[in-house]
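Visitor: Just dropping this structure here.
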Amino acid sequence: MSTLERLKKLLSDVYDGEMDTSGITEDSELVKDIGMKSIAMLYMAMAIEGEFGVNLTNEDLPKMRTVGDIVKMIDERM
């Protein structure tokens, strides 16, 4: 499973399975397109660390604007 597909599953999990992730692409913006709030971003960061075994810092969160930004960050650190 690709990083993008695994990330989309995590997104769904963060929203308790209530998010349709089928239309999410690497260009999808977390706030504008997906509607993520800051608390969801924190949950997402923790889920990413657990799923992918990467460490994210407070400085990483503002850099995570799009799904592609997160995929790139994960792939660079794995």
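Bear in mind these aren't lab numbers, they're just calculated from the coordinates by the rules spelled out. Keep in mind the model is a prediction, meaning the values are calculated, not measured. Reconstructed Cβ throughout: ideal geometry from the backbone, glycine too, with neighbour counts over all protein chains shown.
Visitor: Being touching a helix residue (DSSP H, G or I) at 6+ places or on another chain (Cβ under 7 Å) and not in a loop (DSSP other than H, G, I, E, B) narrows it down to one residue among Met44, Met19; which is it?
Guide: Met44
Visitor: Same structure, new question: Among the residues of the range 61-71, is there at least one that is surrounded by 11 or more Cβ atoms within 10 Å (Cβ to Cβ) and part of a loop (DSSP other than H, G, I, E, B)?
Guide: yes
Visitor: Another question, if that's okay. Tell me which residues, restricted to the range 1-60, are surrounded by 14 or more Cβ atoms within 10 Å (Cβ to Cβ), closer than 17 Å to Ile74 by Cα and hydroxyl-bearing (Ser, Thr, Tyr).
Guide: Passing the criteria: Thr3, Ser28, Tyr43.
Visitor: Right, here's the next one. From Ile24, Ile39, grab the single residue that is assigned to a helix (DSSP H, G or I) and among the β-branched types (Val, Ile, Thr).
Guide: So the residue among Ile24, Ile39 that is assigned to a helix (DSSP H, G or I) and among the β-branched types (Val, Ile, Thr) is Ile39.
Visitor: Considering only the range 27-36, how many residues are at positive phi and outside any loop (DSSP other than H, G, I, E, B)?
Guide: The qualifying residues number 0.
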